[in-house]
Amino acid sequence: MIPIVLIGAAGRMGRAVAEALVGADNLCLKARIERPETPAPGGGVGAWGHDPSAVVARGDVVVEFSSPAGAGAAAQLCAERGAALVSGTTGLGTAEEEALRAAARRVAIVRAANFSLGVLALRRALASALAAVPGSWDVEIVERHHRHKQDAPSGTALQLAQDAASRRGYPADALRLGRSGRVGPRPEAEIGIHSLRGGTWVGDHAVVLAGRGEWLELRHVAEDRGAFAQGVLAAVGFVATAAPGFYTLEDVAGAAAQ
Ligand code: NAD
């Protein structure tokens, strides 16, 4: 059995992961961690607590969907204790990204802005669509998320934009977050990202490739957080036996296909 410490356990993703764990054979929920100001609801499998350092031990897999600060702190603690980490929080700053990279020199870490296997398929479909249309076609991304989401644009939209920018050889400043005012003609080496926030959208990403007189759209819609949770469980199984390093969902899917 792989013991799991879930950080951000009372949140939307924390609850979806805990629910998915109920049916998993070789995984057990050891502890559920919430920040001190959030009352732990209690109940269910795994003790509730506020201090991950009181529970995380060598051989555990920590799963965190919390906050940028929570992600950085979890990475540091995992490196100190010899625990693997599956990290899903988006909107990390440079310091937190560096904390994860540093921790990955000592323990195995899977990090993904989106744990849905459908989004992995969208990224692959985008790569082949970009190879099939002229390089002059414009790339625009529209993402929709629920009204409580903290960061914009979404980590997934940034990932899709970066995928397209690197395939096209665009400069690092090619990403345009929304437009307003007299923006002039659209530069060719630009990728627009547009973030809608409202209601209860779980996650919706559309990539539009627009040419002269025609366009196509590649779109993924997550209707339920269970879509992310299944990818998280696959990542837990992978990271539990992986050598120290920084891994992506592609590494997890690649290992599962072998
Ligand atoms: P949420 O606000 O519903 O839940 C976050 C929970 O983490 C809250 O209960 C909060 O109290 C807790 N928390 C915050 N900081 C903490 C800390 N330091 N220690 C312990 N608990 C802490 O948010 P959510 O919708 O569950 O999303 C969480 C994160 O996951 C966001 O960054 C979101 O963008 C990201 N997300 C990623 C994926 C993915 O597939 N990678 C999917 C959905 C959401």
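The values are calculated or read from the model by the stated rules, or taken from the named source; none is laboratory data. Only a predicted model underlies this, so the values are computations on that prediction, with no experimental measurement involved. Methodologically, a virtual Cβ is constructed for each residue, glycine included, from the backbone with ideal geometry; neighbour enumeration extends over all protein chains shown. Please note that ligands, DNA and RNA were not included when accessible areas were found on the heavy atoms of the full protein model with its side chains. Shrake-Rupley method; radii C 1.70, N 1.55, O 1.52, S 1.80 Å.
Hey, what angle do you get for helix 226-239 against the long axis of the chain, alpha-carbon based, 0 to 90 degrees rounded to 10?
Roughly 60 degrees, rounded to the nearest 10.
I need the P(r) histogram for the chain: all alpha carbon pairs, bin width 5 Å from 0 out to the longest distance, whole percents.
Final binned percentages: 1, 6, 13, 16, 18, 16, 12, 8, 5, 3, 2, 0, 0.
With charges set only on the Cβ (+1 for Lys and Arg, -1 for Asp and Glu), what does the dipole of segment 117-222 come to about its Cα centre, in debye to the nearest 20?
On the way: 14 positive and 11 negative charges, 38 e Å.
Charge dipole, segment 117-222, about its Cα centre: 180 debye, nearest 20.
How big, on average over all directions, is the shadow cast by the Cα convex hull of segment 117-222, in nm²?
7.1
Which of the peptides 24-31, 137-144 is most tightly packed, and how do the rest follow, judged by the mean count of other Cβ atoms within 10 Å per residue?
Ranked from most to least packed, the peptides come out as 137-144, 24-31.
Compare the Cα positions of 67, 116, 184 along the charge dipole of the chain (+1 at Cβ of Lys, Arg; -1 at Cβ of Asp, Glu; about the Cα centre) and return the one farthest towards the positive end.
Positive-most Cα among the choices belongs to 184.
Taking the DSSP beta bridges in segment 117-222 as the whole, what percent of them are antiparallel, to the nearest 5?
Numbers: 15 of 25 bridges.
Within segment 117-222, antiparallel bridges account for around 60 percent of the total.
Angle, helix 155-168 long axis vs. longest principal axis of the chain, Cα atoms, 0 to 90°, nearest 10?
Approximately 50 degrees, to the nearest ten.
Per 0.36 nm of contour for each residue apart, how much would the distance between residue 246 and residue 101 grow if the chain were fully extended, relative to their Cα-Cα spacing? List each step's numbers first, then the result.
On the way: separation 145, 0.36 × 145 = 52.20 nm, distance 0.69 nm.
Between residue 246 and residue 101, full extension yields 51.5 nm more.
Run the 1.4 Å probe and let me know the accessible area of residue 146, rounded to the nearest 10 Å².
20
If I model a spin label at residue 151 and residue 76 as a point 7 Å from the Cα along the Cα→Cβ vector, what separation in nanometres do I get?
1.8
Need the full-extension length gain, residue 210 to residue 256, defined as separation in residues times 0.36 nm minus the C-alpha distance. One decimal, nm.
13.1 nm
In nm, give the distance between the simple-model label positions of residue 37 and residue 69, each being 7 Å from the Cα along the Cα-to-Cβ direction.
Output for this residue pair reads 0.7 nm.
Share of antiparallel DSSP beta bridges in the chain, in percent to the nearest 5? Spell out each step's value before the answer.
Values: 15 of 48 bridges.
Taking every DSSP beta bridge within the chain, about 30 percent pair in antiparallel fashion.
What's the angle, to the nearest 10 degrees (0 to 90), between helix 68-81's Cα axis and the longest principal axis of the chain?
The helix 68-81 is inclined about 50 degrees to the chain.
Accessible area of residue 200, 1.4 Å probe, to the nearest 10 Å²?
For residue 200, the solvent-accessible surface is approximately 120 Å².
Could you tell me the calculated FRET efficiency between residue 230 and residue 47, based on Cβ-Cβ distance and R0 = 30 angstrom, to the nearest 0.05?
0.75
Can you give me the relative contact order of the chain as a percent, contacts being Cα pairs under 8 Å and 6 or more apart?
With pairs under 8 Å counted, the relative contact order is 21 percent.
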